[in-house]
Amino acid sequence: MRRCYLLGYPVGHSMSGVMHNAAFRHLDLDVEYSLRGVAPGGLARFIREELTRGDVAGANVTVPHKVAVMGLVDELGKEAEEIGAVNTIVNDGGCLRGHNTDGVGAERALSEAYGSLGGARVVLLGAGGAAMALAHYLSREAESLVILNRDPLKARLLAEKTRGGAEVTWGGLGKIDLGGADILVNSTPVGMHPDTCESPVEPRLLHGGLLVFDLVYNPVKTRLLRDAEAAGARTMSGVPMLVYQGAEAFRLWTGREAPAEVMRKAVLAELEAHR
Ligand code: NAP
């Protein structure tokens, strides 16, 4: 049997195990995905000693390790290098390669929901690991990108290292103005279970011309998405991005096309079971 891991600290809330194990079973692959809570102090040892073992196909990486892992692998894929964060590691005979599939996942999800981003004006809330991948993609495809974060300095740092053709500006979360925006992306955890009554945006700021994309997937319909629907906006939950970033990781580990629909159903069933 081969193994894949999710490395985070903590990892208790993740849907990745359910999603990937459903995909491995569906394709009759003898691979098991399990969650590993690894404290920052133990990360380097775990990566060098456990991930390089012959029975390990690779790992996903989540908070707080996505940036630290950059310096602990042997090679970096182009996307991971440009984004500045790793969410997937492939063990190729003891050589560890770091990739970032969040950008691919967000791109596939957004292009299904919105089509081409050419000319789109986008507001991105958050400047953490997921926002790094979103900013990388959005700054290449959209016309303008406003990055707003609780800590405005982090929004500024992300805006400064974002190198696409879009006009990129930044600010604090108090500066949300969606008047001229086509797409709002929430990459903060605000509204995530158990704090499901919270939203990062006051309802009066939302309007019918928006597509609102909330990266949060638990619950599937967050307070932000409910407020957006009430304002006449189109909405997308974090589930499509979760599935597509996972499908790309699955392809990197196995060389097989992932059964995305099986993965989506497994995630939705798990979320429904714990509602
Ligand atoms: P992260 O690296 O920890 O970044 C969190 C970001 O949210 C930071 O910008 C942080 O601001 C901000 N934030 C945290 N708590 C906040 C609060 N109470 N009010 C306002 N801002 C707050 O996390 P991440 O990896 O980027 O993940 C962010 C969210 O995206 C999580 O809910 C995660 O589950 C989700 N996610 C979804 C997918 C998907 O495929 N759907 C993929 C990745 C992540 P400061 O900088 O000021 O601390």
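For the pair residue 44 and residue 75, what calculated FRET efficiency results from E = 1/(1 + (r/R0)^6), where r is the Cβ-Cβ distance and R0 = 22 Å, to the nearest 0.05? Could you put the intermediate results ahead of the total?
Numbers: r = 17 Å, r/R0 = 0.76.
Efficiency for this residue pair is about 0.85.
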Query raised in the report: Between residue 265 and residue 220, what length in nm is gained on full extension when 0.36 nm per residue of separation is reduced by their alpha carbon distance?
Result: 14.9 nm
Query raised in the report: Given charges of +1 on the Cβ of Lys and Arg and -1 on the Cβ of Asp and Glu, with all other atoms neutral, how large is the dipole of the range 16-107 about its Cα centre, in debye to the nearest 20?
Result: 320
Query - Scattering curve values for the chain, log₁₀ I(q)/I(0), Debye with Cα scatterers, q = 0.10, 0.11, 0.13 Å⁻¹ - result: -0.50, -0.60, -0.84
Query raised in the report: Between the range 151-213 and the range 242-257, how many Å separate their Cα centres?
Result: 28
Query raised in the report: Mean 1/r over all different Cα pairs, inverted: what Kirkwood radius does the range 35-82 give, in Å?
Result: 11.6
Report task. Specify the inter-centroid distance of the range 1-19 and the range 92-115, based on alpha-carbon positions, in whole Å. Result -> 17
Query raised in the report: How far apart, in nm, are two points set 7 Å out from the Cα along the Cα-to-Cβ line at residue 195 and at residue 67?
Result: 2.0
Requested in this report: Filter the trypsin sites (Lys or Arg not before Pro) in the range 51-148 down to the DSSP loop ones having no more than 15 other Cβ atoms within 10 Å, then list what survives.
Outcome: 53
Query raised in the report: Taking the Cβ of residue 130 as the center, what net charge do the other residues with Cβ under 10 Å away carry, scoring Lys and Arg +1 and Asp and Glu -1?
Result: 0
Query raised in the report: When the accessible area of the chain is split by element with a 1.4 Å probe, what percent falls to carbon and sulfur?
Result: 49
Query raised in the report: Heavy-atom accessible area per residue, the chain, 1.4 Å probe: how many Å²?
Result: 45
Query raised in the report: Excluding residue 266 itself, what net charge comes from residues whose Cβ is under 14 Å from its Cβ, given Lys and Arg +1 and Asp and Glu -1?
Result: 0
Query raised in the report: Hey, how much of the P(r) for the range 103-237 falls beyond 27 Å, as a percent of Cα pairs?
Result: 9
Query raised in the report: Taking +1 at the Cβ of each Lys and Arg and -1 at the Cβ of each Asp and Glu, which of 130, 41, 267 sits farthest along the dipole of the chain towards its positive end, judged by Cα position relative to the Cα centre?
Result: 41
Query raised in the report: Which entries of 154/221; 78/221; 66/175; 78/265; 78/154; 175/265 show an alpha-carbon separation above 26 angstrom in the structure shown?
Result: 154/221; 78/221; 66/175; 78/265; 175/265
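The values are calculated or read from the model by the stated rules, or taken from the named source; none is laboratory data. The model shown is predicted, which means the values in this text are computed figures rather than measured ones. Using ideal geometry, Cβ is built from the backbone for each residue, glycine included, and neighbour counts are taken over all protein chains shown. Ligands, DNA and RNA are excluded from the accessible area calculation, which covers all protein heavy atoms including side chains. Shrake-Rupley method; radii C 1.70, N 1.55, O 1.52, S 1.80 Å.
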